[in-house]
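To keep things clear, I will list the structure first and then write my remarks on it.
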Amino acid sequence: MYKQIAWSLGVVHKKGHLFQDGTLGTCFPLLSANHFVTAAHCVESLTPEEIDVQTIGAGSVCAPVLKISRHSHADLAVLKVELPHDHYVKALSLGVRTNSWGAHVVAFGFPMDTTHFGSIKEQLVWTGPTLRFFRGNTQRWSVFVSNRGYKYYAHELSFASPAGLSGGPVFLAETLEPIGLVTENFESTTYLRTVSEVIDSGHEFRETIHSVVNYAVCLSFAEIGEWLRDTAADA
């Protein structure tokens, strides 16, 4: 089942660039095989002519983007793509609404990876993007306001979101129903400790210790389902 989901994913990248050199984020088809959703900030200030969607499943293709539809305030964009007539992509459906604390979830995506042997370009030519799997739980459910100015209902997840995972789908682990997509990584200072000491010269020495925990932010589809359906209806 996980493999079937993984094969529905795609990578948004700058036209004419190698994967790692021009990767903008993860994407996946939702409600329509020709409409891929991603985080809006991944394609911020870009036009359809500047990006492509690379499908990852069997018979991977590089699909041109015909149109970018951006939500008015959520970090969400829908990319209308042109797929070959003989290329099959299984679109995901909208899942159930959940705002519960502690729900088991899984996420998929293509975070940046430069750890393979050889140079970065050798890695990209021979292996392409590397699919990563994340598992955790939902934590806080709230209206999230990002530093970029986006505002939307979101889950805080118990795992971090590395660069490149933005746009990846998040599912309930038991049913594999999509509940949203990863938008960004949120850093939370869990405690702050300051140690002060006066040395012989009379100057004060101060050491501050921060403990930072990283959480992924998952935009919820529940409040924007109608917009997604209307956008995906654009044939």
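Please enumerate the residues belonging to segment 45-63 that are part of a strand (DSSP E or B), buried (at least 16 other Cβ atoms within 10 Å of the Cβ) and not acidic (Asp, Glu). The answer is Ile51, Val53, Gln54, Thr55, Ala63. When residues in segment 83-99 are screened for being of a type outside the set (Lys, Arg) and modelled with pLDDT under 70, 3 of them pass. Of all the residues in segment 134-156, those that are farther than 23 Å from Val43 by Cα and among the hydrophobic types (A, V, I, L, M, F, W, C) number 2. Looking at Lys80, is it touching a His at 6+ places or on another chain (Cβ under 6 Å) and either modelled with pLDDT of 80 or more or outside any loop (DSSP other than H, G, I, E, B) (or both)? Taking the combined requirement at face value, the residue satisfies it. Looking at segment 100-123, which of the residues that are at pLDDT below 80 and within 19 Å of the chain's Cα centre (by Cα) is farthest from Pro64 (Cα to Cα)? Restricting to residues being at pLDDT below 80 and within 19 Å of the chain's Cα centre (by Cα), the top hit is Thr114. Once segment 143-157 is narrowed to residues that are in contact with a Ser or Thr (Cβ under 8 Å, 6 or more places away or on another chain) and part of a loop (DSSP other than H, G, I, E, B), the residue that is surrounded by the most Cβ atoms within 10 Å (Cβ to Cβ) is Tyr150.
Hey, does segment 53-74 have a residue that's more than 29 Å from Leu172 (Cα to Cα), polar (S, T, N, Q) and modelled with pLDDT under 90? Scanning segment 53-74, I find no residue that is more than 29 Å from Leu172 (Cα to Cα), polar (S, T, N, Q) and modelled with pLDDT under 90, so the answer is no. Any idea how many residues of segment 126-142 are closer than 18 Å to Thr26 by Cβ, in contact with an Asp or Glu (Cβ under 6 Å, 6 or more places away or on another chain) and in a strand (DSSP E or B)? Residues in segment 126-142 being closer than 18 Å to Thr26 by Cβ, in contact with an Asp or Glu (Cβ under 6 Å, 6 or more places away or on another chain) and in a strand (DSSP E or B): 0 in total.
The values are calculated or read from the model by the stated rules, or taken from the named source; none is laboratory data. Given the structure is predicted, the values throughout are model-derived calculations rather than measurements. Every residue, glycine among them, receives a Cβ derived from its backbone with ideal geometry; neighbour counts consider all protein chains shown.
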